[in-house]
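I have placed the structure first, in the form of structure tokens, so that the comments after it can refer back to it.
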Amino acid sequence: MSSHDLAEKTAGLTSRVDNLVAIQTGPECRELERQQARLEKLTLAAITAALDESSKRYKDALAALDAANEAIGEGDEKMQQISRIIKIVAQAADVVETLLKKAGGL
Amino acid sequence: MRSPGRYIRLLVWLALGLPLVTACAAIPTGRFDALSAASRSVLDSSSATYSRIEGLQRNYMVFNPAEGRLTPESFKAVVVDDQGRKLDFDLRPRLRFRESVLEALSNYTDVLQAFAKKDYQGDLDAASQNLYASVSDLAARAPDNPAGQKAAGLLAAAVNELGRAALERTRRRALRRAMEAAQPGVEGVVDLIVADNVLIVQAVRTMQNGILRSANGLRPTAPSLDRVQLDERVSRLVDESSEILASLDALSRAVKAIPRAHAEIRESLDDDRPSLAQLQSLIAEAKRLSQFYGSLK
């Protein structure tokens, strides 16, 4: 039985015990209430165990998001490279102008 | 030797022709904004709801401490099973884990949004303007080429257009690649969060019932101020747990919409057919510049 199913079944049992407590009186009622309180906590323990089991399954999904973030990082670097190349082309004209000034006293 | 004007003419046609061939529908930055906002909203709402659940757990333990005399351990979320093993049922670390998962999802959508909108063009425009200034200056020093200034403008525009087209192609390709890689992860995270919310709902209902059961055992039978004060406190906790259950339901519905929205944005990036209006505009511009340049010869 999976942790998820166990948590569901114990929650259902807690509810049925609650119905029993409502119709009991006297010492049996108090003992039943004590057991009910304990069953509630065991239900909560089954639920947290199921959540812990589920936590392990997030790993692959989170790895896919990490891979996507890395791909964006690579894209960003490529975009900056294109911008740098265009700047170099523009700066080349500056260099030519400077050389012409020095050579021809323009 | 071929004249510089011929090279400039070729460059201009290339610059105008390249967008003609590769012109794309604009990247849907508005959709990336919406996806980021939706993910952030789910994260913020989940954080608030999880904090309320932690508060409910504290109240549950106050109404249901460990059996026997009160000690510092009485209010810890621990139960001993039939084999004597201590079982921890503290929801706090489990909720915080899920919050961090939703934060990772939200951060990813923020990265997409930032990349889709990042201004690389600003540097490109500045570089193109510098190019125009430099080439203009050079041309002005050549008295036998009075059309040099005009050619400088065309060259700068051509470089700008080539650069812009290259930037947008690269941006679109990177977004497609990233979103393809992420889609299974987005779906996986959402499926797990929705399934876990079912368990968390059970926990909230169990704690609500536990508070009511305990309060019924404590409640004075005769009407009194003590009874009213107890009733008042319990009614607040019942309302709180009802609101928590409603929030969890709303969160599950909201988070379920994210994978489909992500997939639709990814599909829209495949639409790189040029729009008719863009084509017509480019053709008109190319004709105008061709006539203008022809008049410079």
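The values are calculated or read from the model by the stated rules, or taken from the named source; none is laboratory data. Just so you know, these numbers come straight off a predicted model, no measurement behind them. Note that each Cβ is placed from the backbone with ideal geometry, even for glycine, and that neighbours are counted across all protein chains shown.
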> For the stretch A:64-81, how many residues meet the condition of being more than 7 Å from chain B (Cβ to nearest Cβ) and more than 12 Å from B:THR170 (Cβ to Cβ)?
Replying inline: 3
> Hey, does the stretch B:47-58 have a residue that's modelled with pLDDT of 95 or more, facing chain A (nearest Cβ under 10 Å) and under 22 Å from A:ALA50 (Cβ atoms)?
Replying inline: yes
> B:ASP119 versus (1) in a loop (DSSP other than H, G, I, E, B); (2) modelled with pLDDT of 95 or more; (3) more than 9 Å from every other protein chain (Cβ to nearest Cβ): which is the lone unmet condition?
Replying inline: (2)
> Of all residues in the stretch B:31-65 being surrounded by fewer than 20 Cβ atoms within 10 Å (Cβ to Cβ) and among the hydroxyl-bearing types (Ser, Thr, Tyr), which is farthest from B:ALA77 (Cα to Cα)?
Replying inline: B:SER41
> Are any residues in the stretch B:180-200 more than 7 Å from chain A (Cβ to nearest Cβ) and within 16 Å of the chain's Cα centre (by Cα), and if so, which ones?
Replying inline: B:GLU180, B:GLN183, B:VAL186, B:GLU187, B:VAL190
> Considering only the stretch B:197-255, how many residues are among the hydroxyl-bearing types (Ser, Thr, Tyr) and surrounded by 13 or more Cβ atoms within 10 Å (Cβ to Cβ)?
Replying inline: 5
